[in-house]
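As structure tokens, the structure follows; a few thoughts come after it.
Rule-based calculations on the coordinates, nothing more; no lab input. This structure is a prediction, so every number in the text was calculated from the model and none was measured. When we count neighbours, we look across all protein chains shown, and the Cβ atoms used for this are built from the backbone with ideal geometry, even at glycine.
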Amino acid sequence: MKRKYFQRKFDIRTYECDFKGQLHPLALFNFMQELASTHADRLGFSVQKLMQQKMTWVLSRLHLKINKPLRWGETLTGRTWPSGRVGKYALRDFQFFNQTGETTAVGTSSWMVIDLEKRQPLKLDQLFTSDVSLKKRALADDFPALPEIDNSENQCKFAVRFSDLDLNRHVNPVSYIAWALESLPEPVLFRHYPMEVEVSYRKEVFLGDQVICKLQQIQGTESLSYIHKLFLEKNGQEIARLRTLWK
């Protein structure tokens, strides 16, 4: 019988840490991708298997909350499971534990299966007849729309590199997050740590594209929070929107 959840350990290495020796959030997002892809493969619907049928998984929404940053040399256990379906979206949740069993981070995500030729989403019920979901959420989120930017405070430009591409030959979802974090002022990056990140992916990006990231601080909250808007320089199309919270 196939297990409805999958878990594995990650040893935190130096190149996965920031200048303070803390696990970089981008590394944690990479761990989430690794957990999701490995578990999907074990359940029989990996990216490779779908691509043989001219389909693939694409990430629509991602939400991560970090309770306690881990450090270089520590060991992290990550667990993931399919947590349900909502229309054309498949939900997948994540939970991370430190060596004492304390929950250090939780996350949730929503995914679509698209037709590689038409670039259109497919109906999950017609693709997967059996339900392997655990009716449990690590992080409750209905994925509401993220706020719009109305007064940009900072703007950065990024070129898509060959190393940004993934198995689908478009930009890896983690690169969007890297661009958003890089757009913050240096005092924020050096003095604070991103304890929460929400991402709404809107459009594929390819090699040769130029991406602009606009930034606006959310006012009226006790925490230090920002909205990030990423769009293509060539036509202004929005490719992603993010919300980050820093402590």
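The alpha carbons of the range 154-246 give a radius of gyration and a Dmax of 13.2, 41 Å, in that order. From most to least packed by mean Cβ count within 10 Å, the peptides 3-15, 175-187 give 175-187, 3-15. Per residue of the chain, the DSSP helices (runs of n ≥ 4 H) give a summed -39500 (n - 2.57) that works out to -5000 deg cm²/dmol at 222 nm. Calculate I(q)/I(0) for the range 57-108 by the Debye formula, one identical point scatterer on each C-alpha and no solvent, and give its log10 at q = 0.15, 0.22, 0.28 Å⁻¹ to two decimals. Listed by q, the Debye log ratios stand at -0.48, -0.82, -1.09. Here GLN99 and ASP41 are evaluated by their C-beta separation; at R0 = 22 Å the FRET efficiency comes out at 0.25. Loop-resident GluC sites (Glu not before Pro) (DSSP state other than H, G, I, E or B) in the range 206-247 with no more than 14 further Cβ atoms inside 10 Å of their Cβ: GLU222, GLU233.
Computed 3J(HN,Hα) for the range 160-171, one whole-Hz value per residue from the Karplus formula 6.51 cos²θ - 1.76 cosθ + 1.60 where θ = phi - 60°, is 5, 9, 4, 6, 7, 7, 10, 4, 7, 6, 10, 5, glycine and proline marked x. Pairwise Cα distances in the range 1-84 exceed 19 Å in 46 percent of cases. Values [x] 7, 30, 37, 22, 4, 0; [y] 7, 29, 27, 18, 12, 6, 1; [z] 7, 29, 32, 23, 8, 1 are given for comparison; P(r) over Cα pairs in 10 Å bins from 0, in percent, derived from the coordinates here, is the one labelled [x].
Note that the range 179-190 has calculated 3J(HN,Hα) couplings of 4, 4, 5, 5, 7, 6, x, 4, x, 5, 5, 7 Hz, one per residue in order, obtained from phi through the Karplus relation 6.51 cos²θ - 1.76 cosθ + 1.60 (θ = phi - 60°); glycine and proline are x.
Applied to the range 69-74, the Karplus parametrisation 6.51 cos²θ - 1.76 cosθ + 1.60 on θ = phi - 60° returns per-residue 3J(HN,Hα) values of x, 8, 10, 3, x, 7 Hz, with x for Gly and Pro.
Cross-link partners for LYS214 among the lysines, with Cα-Cα distance under 25 Å and sequence neighbours closer than 8 places in the same chain left out: LYS65, LYS157, LYS203, LYS229, LYS234, LYS247.
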